[in-house]
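A short write-up of the structure that comes next.
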Amino acid sequence: MEMIAGDVHAHGYGWAGVWSAVASLIFLWSMVQQYLPRQLEDYFIALSRRLQSAVSPYVTISIDEHVPASFGRSEAYLAVEAYLSATCVSGARRLRADLAADSDRMSVAVDDHEEVVDEFRGAKLWWRKNKSLPRGNVISWSAHEEERRTYCLTFHHRHRGLVDAAYLPHVLAEGRAATVRNRQRRLFTNNPSSDWSGYEARVWSHVKLEHPSTFATLGMDPDRKRDIIDDLEMFRDGKDYYASVGKAWKRGYLLFGPPGTGKSTMIAAMAKYLDYDVYDLELTSVKNNTELRRLFIETKGKSIIVVEDIDCSIDLTGKRKKKKKKASKKKKEEGGDKKKKTPPAPGAGKDEENKVTLSGLLNFIDGLWSACGGERIIVFTTNHKEKLDPALIRRGRMDVHIEMSYCCFESFKVLAKNYLHVADHELFHEIQQLLGEVNMTPADVAENLMPKSKKKDVDTGLARLVKALKEAKEETLAKALAEAEQEEGTEDDEDEEDDNSSSEEEENGSNNEEE
């Protein structure tokens, strides 16, 4: 027993000596490193790496947090961090939690100097996150100059081809997908072009997109709603299909109908269902086609670009007719008398250039620039579809035309279930009959169904809606009667004029006969 205890004591003392020697070497190296020239230090590091590669069968790939000559973080680094957080974080012992920008959720990542293991198609791979500090007291102008973080991927050299061809693209794709899943949806609006220059120049500014609308709460016929959802799913999962048919990965939706029929609510429901950002493009603040193209380039994938009330934003009607009139007028001037032409007013040409034209908008939707990036949906809304140029809303540009009409009985049942939690009632039959006779928007129906107190009284809400529908019916009948009387009065006036004119003609004829 004494001999065994002595051996254990000696063995423990030996390991203690080893660790003491290692600690001494580390301390000595840190002291020497401060006085060692940088070139000599780099030479020793390169020499040690050559020696290690000569005896080690493993390969290491480093991915830095910051790219040289860039103030932002590397996209590859962010993708790796998101990938490891989603797949390998369970194997780490030290983690780091942070509240991501524009998000309400904590994101968990691997901490500094921590190592995790991943497996891919039978290959074992090691990820390690390293952090290095600058030598001495260095004055830095940015945070990434103060410390440097790097993800190091280590694997056996026989897996080099697998890593280059399949694993790294897999990490990039999965990391981007994880970033999209964890991000907060945002609502963008375009800044005036005067804010596009400077150190913190931004073409778009954004806030959190917190609209609560979903397809479940949207007052629309369930069958039409299902068709729209199926179309959105086909687009979202159709990257390979769009590439195979040679089309840009984008889709256009035209939402048209009277005010209050839920066009903006539909856009919010689409964004929430697809988990896309929304870019609300205000065309009235865009000076020309060049700025419009710049705004489109600055948008990212997985987004919905919206132009609301396209018929009211800018004058897009009659452009081609104006051009034809100008051309014919020019021909007449050239073929007619050679009169002295009056010079154009100063600044007239500049005013024509400083505006968004129909041609520029068409290129924005369906031109060469529309293929930059991918997975974008373009939505136009209008109250008057007939006012838009047919070239703007043809298939291929606005692929899906969705009419947001007045509330029907099926839409009412959705709203009644959402607002009053009722699926059937004795007043439903009367409401169905009235909705077939009166045009009322879903917004007005919802306002009548909304409880006016904390207690949800179903009977009171439905009775209020019946009363509103009856009043709307009476107003419609009164308006129709007034219009009919006005038309009869107009016809009577026209008949009197015809009688007077005929009597005057008869008198003139008799006078001519007497003469």
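FRET efficiency for the pair Glu483 and Glu437, taken as 1/(1 + (r/R0)^6) with r the Cβ-Cβ distance and R0 = 22 Å, rounds to 0.80. Dipole check for region 403-454: with +1 at the C-beta of Lys and Arg, -1 at the C-beta of Asp and Glu, and the Cα centre as origin, the magnitude is about 320 Debye. Highest mean first, the peptides 248-255, 167-174 sorted by other C-beta atoms within 10 Å per residue fall in the order 248-255, 167-174. Here region 234-292 exposes an accessible surface that is 53 percent carbon and sulfur, computed with a 1.4 Å probe and the other protein chains kept in place. Legend: distances between Cα atoms for Lys263/Lys287; Lys413/Lys456; Lys129/Lys302; Lys225/Lys413; Lys208/Lys239; Lys208/Lys300; pairs beyond 18 Å are Lys263/Lys287; Lys129/Lys302; Lys208/Lys239. Determine, from the Cβ-Cβ distance of Lys355 and Ser90 and an R0 of 56 Å, the FRET efficiency 1/(1 + (r/R0)^6), rounded to the nearest 0.05. It comes out at approximately 0.50.
Put a dot 7 Å past the Cα of Glu471, heading toward its Cβ, do the same for Asn182, and the two dots end up 5.3 nm apart. Quick one: if the Förster radius is 30 Å, what FRET efficiency do Asp309 and Met106 give, using the C-beta to C-beta distance and rounding to 0.05? Using R0 = 30 Å, I get an efficiency of 0.15. Taking label points 7 Å from Cα along the Cα-to-Cβ direction, Cys372 and Ala97 give a separation of 4.1 nm. Summarising the label geometry, the points placed 7 Å from Cα in the beta-carbon direction at Arg73 and His170 lie 2.4 nm from one another. Amide hydrogen proximity for Ile378: with H placed 1.01 Å from N in the peptide plane, the residues at 5 or more positions away or on another chain lying under 5 Å are Arg251, Gly252, Tyr253, Ile305. Computed from point charges on the beta carbon alone (+1 for Lys and Arg, -1 for Asp and Glu), the dipole magnitude for region 356-425 about its Cα centre is near 60 Debye. Length available on full extension from Ser132 to Tyr58: 0.36 nm per residue minus the Cα-Cα distance, which gives 24.4 nm.
Extension gain, Arg226 to Thr214: 0.36 nm times the residue separation minus the Cα-Cα distance gives 3.0 nm. The C-alpha atoms of region 409-475 occupy a region whose extents along the principal axes are 32, 20, 20 Å, arranged from largest to smallest. When each of the peptides 261-270, 411-420 is scored by how many other beta carbons lie within 10 Å of its residues on average, the order from highest to lowest is 261-270, 411-420. Along the Cα-to-Cβ line of Lys417, 7 Å from the Cα, sits a label point; which residues in region 202-218 have backbone N less than 18 Å from it? 213-218, by backbone N distance to the label point. Counted by Cβ distance under 10 Å from Ile305, the other residues give a net charge of 0, where Lys and Arg count +1 and Asp and Glu count -1.
The values are calculated or read from the model by the stated rules, or taken from the named source; none is laboratory data. Predicted, not measured: the structure shown is a model, and the values here were computed from it. Note that we place each Cβ from the backbone using ideal geometry, even for glycine, and neighbour counts take in every protein chain shown. The protein model used for the area step is the full one, side chains on, heavy atoms only, and it has no ligands, DNA or RNA in it. Shrake-Rupley method; radii C 1.70, N 1.55, O 1.52, S 1.80 Å.
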